[in-house]
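Working notes, structure below.
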Amino acid sequence: MEYILVYKNRKTVAIHIQKNGEVEVRAPRHTPVPLIEEFLNEKREWILKTQKRITEQKENHNKLMDANEVLFLGSLYSISLGEENNVIKFCKNRINLPDIDFEEKKRLLIRFYKKEAVRYLKERLELYSGLANIPYKQIKINSATTRWGSCSSQNGINFSYRIMFLPSVLIDYIVVHELSHIIEHNHSEAFWRVLESLMPDYKQRQHQLKEFTKTMFPYVF
Ligand SMILES: [Zn+2]
């Protein structure tokens, strides 16, 4: 098995599969190579499974490009092309898009998702902020790819427009999670206690979010 070996100041050996499928081993300095290879052998099945998942995700990428389906608020809408005037329309279980090239379609959809995100998230944030009596400063929508939301030290809350791919119960989890950061700007035990007091079933939603994220990859843009 080919791998990249990186020696670091750490105590244990860890395997990291990169986005291109390459295997990176992070090991404490002076770890003998045979020991590392033995470890790799033990983890062989997991490595192959992870690499396979990455390849599949790439192949599936991207439903929008094939112009067949769009994910919005946790539901799939089949795409109908031929909408005029560069607008997006939802109609029952279909979404009507103009017949423009992929990049333009993507731009149009991102603009639409951002607009919807502002409207939708403002409403949810105001609801929970009122219920919990936690005031926030402002809400901003960005295009972050690695995090759903964040909370600044000045108590401004940011969300990625990609949050609009998620079902509403999971969006609510992220909203309440970020709101709780206004009380506790960290992930300490105190933070999780605040979150639990506002959303007693948060662990279940956290788990659902993890599962949903695994399957939504082909629909992400
Ligand atoms: Zn957090």
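Coordinate-derived values only; no laboratory data. What you see is a predicted model; the values in this text were computed from it and never measured. Every residue, glycine as well, gets a Cβ built from its backbone with ideal geometry; the counts of neighbours run over all protein chains shown.
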- Task: Extending each Cα 7 Å along its Cβ direction at LYS19 and PHE217, get the distance between those two points in nm, one decimal.
- Result: 1.3 nm
- Determine, from the Cβ-Cβ distance of TYR3 and GLU45 and an R0 of 22 Å, the FRET efficiency 1/(1 + (r/R0)^6), rounded to the nearest 0.05. 0.90
- Lysine pair number, Cα distance threshold 21 Å (strictly under), segment 1-92, separation 8 or more or different chains: 13
- Message: What is the angle, in °, between the Cα long axis of helix 168-183 and the longest principal axis of the Cα atoms in the chain? Nearest 10 is fine, range 0 to 90.
- Response: 70 degrees
- To the nearest 10 degrees, the tilt of helix 33-42 (Cα long axis) against the first principal axis of the alpha carbons of the chain is 50 degrees
- Send over the semi-axes of segment 101-221's equivalent ellipsoid, whole angstrom and largest first, taken as the square roots of 5 times the C-alpha gyration tensor eigenvalues. 25, 17, 12
- How big is Rg to Rh over segment 1-108, alpha-carbon atoms, Rh as the Kirkwood inverse-mean-distance radius? 1.27
- Task: Before rounding to the nearest 500, sum -39500 (n - 2.57) across all DSSP H runs of length at least 4 in the chain and divide by the residue total; then give [θ] at 222 nm in deg cm²/dmol.
- Result: -15000 deg cm²/dmol
- Item | If the convex hull is drawn through the Cα atoms of the chain, its volume per residue in Å³ | 159 Å³
